[in-house]
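Only the coordinates and a few stated rules stand behind these numbers; no lab work does. Keep in mind that this is a model prediction, so the values were computed, not measured. Backbone-built Cβ (ideal geometry, glycine too); neighbour counts: all protein chains shown.
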Amino acid sequence: MLRFLFLLALGLTCLSAAAQPPKVPRSMRFADETIRFDNNDMIERMDRELITFTYMHTTSTLMLKRSRRIFAEVEPVLRENGIPEDLKYLMVIESNLDPSSVSTAGAAGLWQFMSATARAYGLEVNANVDERYNIRKSTEAACRYLKEAYAKYGDWMTVAASYNAGQAGVSRMLNAQQQKSAMQLWMLPETMRYMFRILAAKRLFEDPDSFGFHVEEEDYYPYLPPRTVVRTTDPVESLVAFAAQYGITYAQLRSANLWLREDKLNNASHKEYQIVIPQVR
């Protein structure tokens with residue numbers, strides 16, 4: 001028993017010694033903009049988030065391991081829409097890179113859209129189909145929001161703040177406090193942290209070793225392109241039978257198509273849907 005306690009204590013000591021948060025840099029580049037940490041307030045706010053990511057061991061490790069799989073699908077959509085790649089870190093802190101994520105408030109998917117907002121930006125949301133869980137379509141909807149906000153603010157960190165606080169709220173605060181960037185605003189604590197969490201997330205994914213995390217190459221969850229994509233404008237009465245036609249299980253079909261919310265696809269309007277048939281290893 002004493003030997004076990006000694007080894008446990010030694011292990012905890014080694015862990016705490018290995019996991020040290022990185023120092024706050026003098027500046028960072030984000031979406032081709034330079035963020036400077038040149039006063040005590042900026043330094044302390046960034047330091048808090050670097051410390052949080054360092055000691056949030058389970059979540060940080062899972063995010064790192066998921067990143068290859070998720071980024072492979074999201075980054076091309078951002079490029080196609082002219083959105084700087086760094087905006088993917090907004091998605092990171094929204095959902096921890098879990099495409100099935102649902103918040104207590106009901107926001108869902110990688111980009112954590114509320115139902116009404118999702119519909120406003122072109123996503124279908126109902127009991128049968130919920131495109132907030134469709135990685136490509138939800139990313140396209142996020143791009144529409146981000147481009148709209150950038151046209152208004154011309155500053156990507158302010159765009160990020162608006163994703164958390166809403167464009168109306170951010171615009172009101174910019175006017176009231178006579179500032180041009182959300183980085184200079186006094187806001188609700190959640191939003192004030194939000195922008196720095198995005199910056200800390202970028203640092204984590206670009207240099208995980210500096211946080212004490214080392215994920216072996218083979219331990220990243222791989223992106224597997226679909227075996228095929230089935231386009232259909234017809235209802236599918238049984239997704240169990242549909243999956244069997246392609247030699248996969250219903251569970252494998254649903255895992256690859258989280259936007260399917262029931263065991264059938266109603267499609268009374270004969271809209272075209274693309275159903276992914278995954279590779280199975």
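For (1) outside any loop (DSSP other than H, G, I, E, B); (2) more than 20 Å from Leu97 (Cα to Cα); (3) free of Cβ contacts under 8 Å to residues at least 60 places away in the same chain, each residue gets a yes or a no:
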{"position": "Asp209", "(1), (2), (3)": "yes, no, yes"}
{"position": "Phe213", "(1), (2), (3)": "no, no, no"}
{"position": "Glu218", "(1), (2), (3)": "yes, no, yes"}
{"position": "Asp234", "(1), (2), (3)": "no, yes, yes"}
{"position": "Val240", "(1), (2), (3)": "yes, yes, yes"}
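Is it the case that some residue within the range 119-140 is part of a helix (DSSP H, G or I), free of Cβ contacts under 8 Å to residues at least 24 places away in the same chain and within 30 Å of Leu260 (Cβ to Cβ)? Yes; the residues of the range 119-140 include at least one that is part of a helix (DSSP H, G or I), free of Cβ contacts under 8 Å to residues at least 24 places away in the same chain and within 30 Å of Leu260 (Cβ to Cβ).
Can you tell which of Gln274, Gln252, Gln279 is polar (S, T, N, Q) and in a loop (DSSP other than H, G, I, E, B)? Break it down stepwise before answering.
On the way: Gln274 fails: in a loop (DSSP other than H, G, I, E, B); Gln252 fails: in a loop (DSSP other than H, G, I, E, B).
On inspection, the qualifying residue turns out to be Gln279.
Answer yes if at least one residue in the range 264-275 is within 30 Å of Leu64 (Cβ to Cβ), surrounded by 14 or more Cβ atoms within 10 Å (Cβ to Cβ) and basic (Lys, Arg), and no otherwise. So far as the range 264-275 goes, no, none of its residues is within 30 Å of Leu64 (Cβ to Cβ), surrounded by 14 or more Cβ atoms within 10 Å (Cβ to Cβ) and basic (Lys, Arg).
Suppose we filter Ser171, Ser162 for residues that are out of contact with any helix residue (DSSP H, G or I) (no Cβ under 7 Å at 6 or more places or on another chain) and part of a helix (DSSP H, G or I); which single one remains?
Result: Ser171 is the single residue among Ser171, Ser162 that is out of contact with any helix residue (DSSP H, G or I) (no Cβ under 7 Å at 6 or more places or on another chain) and part of a helix (DSSP H, G or I).
Taking the conditions (1) crowded, with 16+ Cβ neighbours inside 10 Å; (2) more than 18 Å from the chain's Cα centre (by Cα) in turn, Gln178 satisfies each one other than (1). For the range 47-84, the candidate set comprises residues that are β-branched (Val, Ile, Thr) and free of Cβ contacts under 8 Å to residues at least 60 places away in the same chain; within that set, the residue that is farthest from Glu206 (Cα to Cα) is Thr58. For the range 246-281, the tally of residues that are over 27 Å from Tyr221 (Cβ atoms) and among the polar types (S, T, N, Q) stands at 3. Checked against (1) more than 28 Å from Arg45 (Cβ to Cβ); (2) out of contact with any His (no Cβ under 8 Å at 6 or more places or on another chain), Thr233 passes all but a single condition, namely (2).
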